[in-house]
Structures are given as C-alpha cells and as structure tokens.
C-alpha cells in the first residue's frame with residue numbers, strides 16, 4: 001500500500017541518439033517469460049532482428065539451466081560471456097552497458113555475468129519481476145521506520161551513527177561484542193550491521209579470515225558512487 005506502481009516498461013537512453021529513449025513495454029495479458037519476449041520483439045529501435053535472434057539463442061542455456069547455470073557463470077565477465085555465447089557486440093553497446101551500470105555501477109568488462117543473469121532470471125520467471133514502483137513518501141519514514149518498529153517490537157535495538165571499531169570474539173570464534181568508536185561495547189543475541197565492503201574487510205577478525213565464507217571478500221572491491229536525484 002506504500003508503493004506507486006509505474007507502467008511495466010524498461011526505458012533505455014539510446015547511446016547513439018542523445019536525448020532519445022527507447023521503451024520495452026511488457027503486456028499485462030501475458031505471463032512470464034512471454035511478456036518479456038514480446039517486449040523485446042516489439043522494440044525495433046535498439047536491436048535488429050538478427051541481433052534479437054542471436055541474443056535469444058545466447059540466453060537459452062540460462063533459461064534451461066536455472067540457478068546452477070547462473071552460479072557457474074561467476075568466473076566470466078559480461079563481455080566474456082557474450083563472446084562465448086556468440087552474442088553480437090551491439091547488444092552489449094545498446095543494452096548491457098546500461099544494465100551493468102544500473103546493477104553495479106561498473107562496465108560489462110568488469111562485472112560478473114552472474115549478476116546480470118540473476119536479474120534476467122527474475123524477469124523471465126516472474127511476470128512483474130522488472131516492474132518498478134516509487135514509495136509514496138520519503139524512504140526513512142515510509143520504508144525504514146516500519147522495519148525499525150518491527151525489530152523494536154520484538155525486543156531488538158536499532159542504533160544509528162554507531163561506528164564499529166572492532167569485533168571482539170569468544171574462544172569459539174562467535175561474536176562476544178562490538179566495540180564502538182566511542183569506546184562502548186554492544187552485546188546481543190544476534191547482530192546485523194551495515195558497512196562499505198572495503199571498511200568491512202578491515203573489520204573482519206583475523207580468526208574469521210581463515211574461514212572459506214569470509215575468503216570470498218577478497219574478490220570484492222568497493223565502487224565509489226554518486227546518486228543524482
């Protein structure tokens with residue numbers, strides 16, 4: 001009830017026609033993935049028919065292979081995957097540069113294809129998977145406060161502007177408490193905290209760095225981002 005749904009369309013700025021936009025309109029009468037296929041076939045401004053066919057053939061393994069296929073593509077960048085699947089370069093120029101920057105703020109030659117396929121799989125499996133909505137007010141009040149109220153109603157605590165300096169561990173490597181920058185300690189039954197990836201890598205205790213789960217952090221790099229509204 002807090003969402004203002006937009007028309008089900010994906011709108012792309014056309015890189016070779018400054019100031020012009022191209023729409024992929026998803027019909028409400030068709031289920032997924034037919035609504036997405038229809039949207040792509042109806043758009044003749046960005047991709048030619050041969051490009052659409054090659055793009056569709058390239059996506060077939062993702063459609064048939066499911067989540068196992070998606071996860072197996074983590075070692076390939078978007079550009080490498082497209083070359084492997086025989087997808088034309090113009091699909092990259094017209095579609096995937098925009099998708100890569102929208103999802104992760106970086107270029108296709110730097111982004112794992114797994115990220116793109118996760119999004120595409122949702123579009124293909126859920127009728128409204130790509131439908132967008134605006135909140136009916138400011139996010140702190142309309143999105144964050146209900147979450148905070150729910151946590152507090154269950155006995156939890158939400159702290160803002162509480163910078164973590166160190167994660168202290170018990171002998172069994174579970175969390176003993178958080179040490180904040182003001183010197184105070186925070187103790188709880190369960191902890192959730194938000195931090196940029198580069199800062200979090202510095203906070204990870206030495207005892208955790210040997211665990212395979214945390215070793216995955218080695219490949220993550222923060223990307224500076226500016227949001228313009």
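Table for the structure above
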| read-out | value |
| --- | --- |
| Given (1) under 25 Å from residue 128 (Cβ atoms); (2) in a helix (DSSP H, G or I); (3) out of contact with any strand residue (DSSP E or B) (no Cβ under 8 Å at 6 or more places or on another chain), index of the condition residue 90 fails | (1) |
| In the range 112-136, residue nearest to residue 84 (Cα to Cα) [restricted to those that are outside any loop (DSSP other than H, G, I, E, B) and touching a strand residue (DSSP E or B) at 6+ places or on another chain (Cβ under 6 Å)] | 133 |
| Residue within the range 143-154 that is more than 30 Å from residue 77 (Cβ to Cβ) and in a loop (DSSP other than H, G, I, E, B) present | yes |
| Residue in the range 165-182 that is within 30 Å of residue 103 (Cβ to Cβ), in a strand (DSSP E or B), in contact with a helix residue (DSSP H, G or I) (Cβ under 8 Å, 6 or more places away or on another chain) and modelled with pLDDT of 95 or more present | yes |
| Every pair of residues 6+ apart whose Cβ atoms lie under 8 Å, when the first sits in the range 49-76 and is assigned by TED's automatic domain parsing to the domain that holds residue 100 while the second is loosely packed, with under 12 Cβ neighbours inside 10 Å and in a loop (DSSP other than H, G, I, E, B) | 54/86; 57/86; 58/86 |
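Rundown of residues vs (1) free of Cβ contacts under 8 Å to residues at least 12 places away in the same chain; (2) farther than 30 Å from residue 73 by Cα, yes/no style:
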residue	(1), (2)
107	yes, no
117	no, no
131	no, no
161	yes, yes
172	yes, yes
183	yes, yes
188	no, yes
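The values are calculated or read from the model by the stated rules, or taken from the named source; none is laboratory data. None of the values given here were measured: they were computed from a predicted structure. Cβ coordinates were reconstructed from backbone atoms using ideal geometry, including for glycine residues, and neighbour counts include every protein chain displayed.
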